[in-house]
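Below is one structure, written out as structure tokens; the observations come after it.
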Amino acid sequence: MRNFNMPTLAISIFLLLPINFFTQIEVAFAAAFPPSVAYFQTDFWSKNVINPMPETIKSKLSPLSSPDYAINSTITSTNQESFNMNGFCSKANLACTPLSKTSLRMIKATINGYLGSPTSNTNSHDDESVDPNFFFRLSSVFQEGKQIQLPSFDKASLPPRSFLPSHYASKISITSSSDLQKIFPDLFASNPMKETIERSISFCTSPSRAGEIKTCSNSLEDMIQFSKQTLGRSSGKLLALTSKSEKGSGKELEIGKIKRLHTQKMVSCHEVFYPFATYFCHFLPSSTTRLYAVDFVDPGTKAQVNTILALCHMDTSAWPAENMALKVLKLSPGKGEACHWYGKDDLVWI
């Protein structure tokens with residue numbers, strides 16, 4: 001019997017294969033296992049953003065597979081009778097059930113912090129649910145070696161939700177309560193949830209302040225596109241900045257190096273509550289804002305604990321008197337700067 005050399009035999013078989021054999025295999029594999037929605041969201045990020053995607057954004061990528069995406073394409077149709085919303089909410093990681101009272105108060109407080117509380121029907125719980133350590137004055141905090149208590153970043157997160165696929169998101173109006181109610185009727189059956197979503201709508205539709213350009217984005221792609229357009233980067237890539245982590249949350253730490261990040265333009269994005277991940281983004285002129293990266297170290301060992309972003313609004317003259325930052329800092333509009341720390345879900349685009 002003739003002895004075959006296995007490597008030689010393998011090479012011989014390889015040479016006998018059709019030129020497009022492996023291409024055919026790749027096509028067949030792609031047909032059997034089409035890319036997930038998260039794959040396309042990640043690909044869009046890599047094509048438009050310089051740095052890797054932060055973990056907080058990764059956690060919001062859609063868990064929908066391509067078959068899930070195709071099956072649930074009727075979510076935005078006018079005929080919702082045959083659509084399994086509960087099943088879709090579970091697969092898409094949406095918040096379609098009532099929230100706890102604590103979460104509702106926190107969402108309300110976040111909105112009041114920007115719009116100001118109404119003059120009537122103001123609830124003291126709105127103030128109580130905001131950690132006052134989120135806000136500070138430049139002169140009182142920005143000193144190397146000073147010890148301060150950080151806010152409880154780990155308690156300031158909204159309920160986990162994922163981004164919608166961009167095609168779905170583009171067909172859902174987040175400025176219309178009636179449109180959202182048609183798609184998420186169970187949510188609106190709960191009065192507290194209905195009120196919460198309507199407050200988010202009022203937040204997203206409120207008038208812009210002087211020099212501000214703003215939007216609410218209910219898809220990752222829309223947030224990136226808004227930032228590129230607003231910053232004049234239609235053909236270039238953006239840089240996304242976030243606080244390093246939640247380490248040191250709620251603890252007393254020592255301020256290390258303070259670095260001002262000089263940039264002519266920036267877009268700041270903060271998460272707001274809808275059934276799906278949504279960000280409120282606004283363009284901030286550099287003439288009235290300052291961005292910092294602050295190192296924090298352990299007071300005893302001097303080991304670095306975290307690097308946290310901070311933004312200072314130097315002109316508060318157009319702010320309502322009921323703004324949460326002004327109330328915490330005991331300031332009147334235009335009488336001083338108001339600074340705040342960035343939590344893990346906040347982003348700055350430059």
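Picking from Gly343, Gly334, which residue would you name as being within 23 Å of Ser217 (Cα to Cα) and either of a type in the set (Asp, Glu) or assigned to a loop (DSSP other than H, G, I, E, B) (or both)?
Selected residue: Gly343, the only one of Gly343, Gly334 that is within 23 Å of Ser217 (Cα to Cα) and either of a type in the set (Asp, Glu) or assigned to a loop (DSSP other than H, G, I, E, B) (or both).
Could you check His270 against (1) touching a residue at least 60 places away in the same chain (Cβ under 8 Å); (2) assigned to a helix (DSSP H, G or I) and say which number it fails?
Result: His270 fails condition (2) only.
Working only within segment 136-152, note down all residues that are touching a residue at least 40 places away in the same chain (Cβ under 8 Å) and either in a helix (DSSP H, G or I) or in contact with a helix residue (DSSP H, G or I) (Cβ under 8 Å, 6 or more places away or on another chain) (or both).
Phe136, Arg137, Leu138, Val141, Ile148, Gln149, Leu150, Pro151, Ser152
Please indicate, with yes or no, whether at least one residue in segment 262-272 is modelled with pLDDT under 95, hydroxyl-bearing (Ser, Thr, Tyr) and surrounded by 17 or more Cβ atoms within 10 Å (Cβ to Cβ).
yes
Suppose we keep only residues that are crowded, with 18+ Cβ neighbours inside 10 Å and among the polar types (S, T, N, Q) within segment 53-72. Which one would you say is farthest from Ser90 (Cα to Cα)?
Thr56
If I filter segment 153-166 down to residues being assigned to a helix (DSSP H, G or I) and loosely packed, with under 15 Cβ neighbours inside 10 Å, which single residue comes out as modelled with the highest pLDDT?
Only one residue tops the list, namely Asp154.
Which one is modelled with the highest pLDDT, of the residues in segment 210-226 that are assigned to a loop (DSSP other than H, G, I, E, B) and buried (at least 18 other Cβ atoms within 10 Å of the Cβ)?
Ser219
Residue by residue through segment 332-348, note down the ones that are touching a residue at least 24 places away in the same chain (Cβ under 8 Å) and either hydroxyl-bearing (Ser, Thr, Tyr) or touching a strand residue (DSSP E or B) at 6+ places or on another chain (Cβ under 9 Å) (or both).
Glu337, Ala338, Cys339, His340, Trp341, Tyr342, Gly343, Asp345, Asp346, Leu347, Val348, listed by residue number.
Go through Pro35, Pro18, Pro52 for me and flag whichever is at pLDDT 95 or above and assigned to a loop (DSSP other than H, G, I, E, B).
Of the residues listed, the single one that is at pLDDT 95 or above and assigned to a loop (DSSP other than H, G, I, E, B) is Pro52.
Looking at segment 181-194, which of the residues that are touching a residue at least 60 places away in the same chain (Cβ under 8 Å) and either among the aliphatic types (A, V, I, L, M) or more than 16 Å from Phe88 (Cα to Cα) (or both) is surrounded by the most Cβ atoms within 10 Å (Cβ to Cβ)?
Leu187
Filter segment 167-182 down to the residues that are of a type in the set (A, V, I, L, M) and not in a loop (DSSP other than H, G, I, E, B), then identify the one that is farthest from the chain's Cα centre (by Cα).
For segment 167-182, the residue satisfying everything is Leu180.
Taking the condition of being in a loop (DSSP other than H, G, I, E, B) and either without any contact (Cβ under 8 Å) to a residue 12 or more places away in the chain or over 15 Å from Ser139 (Cβ atoms) (or both), how many residues in segment 290-315 meet it?
Matching residues across segment 290-315 total 7.
In segment 34-53, how many residues are of a type in the set (A, V, I, L, M) and in contact with a Pro (Cβ under 8 Å, 6 or more places away or on another chain)?
Going through segment 34-53 one residue at a time, the tally reaches 2.
Can you find a residue in segment 231-241 that is within 22 Å of Phe134 (Cα to Cα), under 19 Å from the mean Cα position of the chain (by Cα), not acidic (Asp, Glu) and not in a helix (DSSP H, G or I)?
Yes, some residue in segment 231-241 is within 22 Å of Phe134 (Cα to Cα), under 19 Å from the mean Cα position of the chain (by Cα), not acidic (Asp, Glu) and not in a helix (DSSP H, G or I).
Would you please name the residue that is nearest to Ala293 (Cα to Cα), looking only at residues in segment 94-150 that are in contact with an Asp or Glu (Cβ under 8 Å, 6 or more places away or on another chain), among the small types (Gly, Ala, Ser) and at pLDDT below 90?
Out of the qualifying residues, it is Ala109.
Go through the residues of segment 177-192 one by one and say whether even a single one is modelled with pLDDT of 90 or more and among the hydroxyl-bearing types (Ser, Thr, Tyr).
Checking segment 177-192: at least one residue is modelled with pLDDT of 90 or more and among the hydroxyl-bearing types (Ser, Thr, Tyr).
The values are calculated or read from the model by the stated rules, or taken from the named source; none is laboratory data. What you are looking at is a predicted structure, and each value in this text was computed from that prediction instead of being measured. Reconstructed Cβ throughout: ideal geometry from the backbone, glycine too, with neighbour counts over all protein chains shown.
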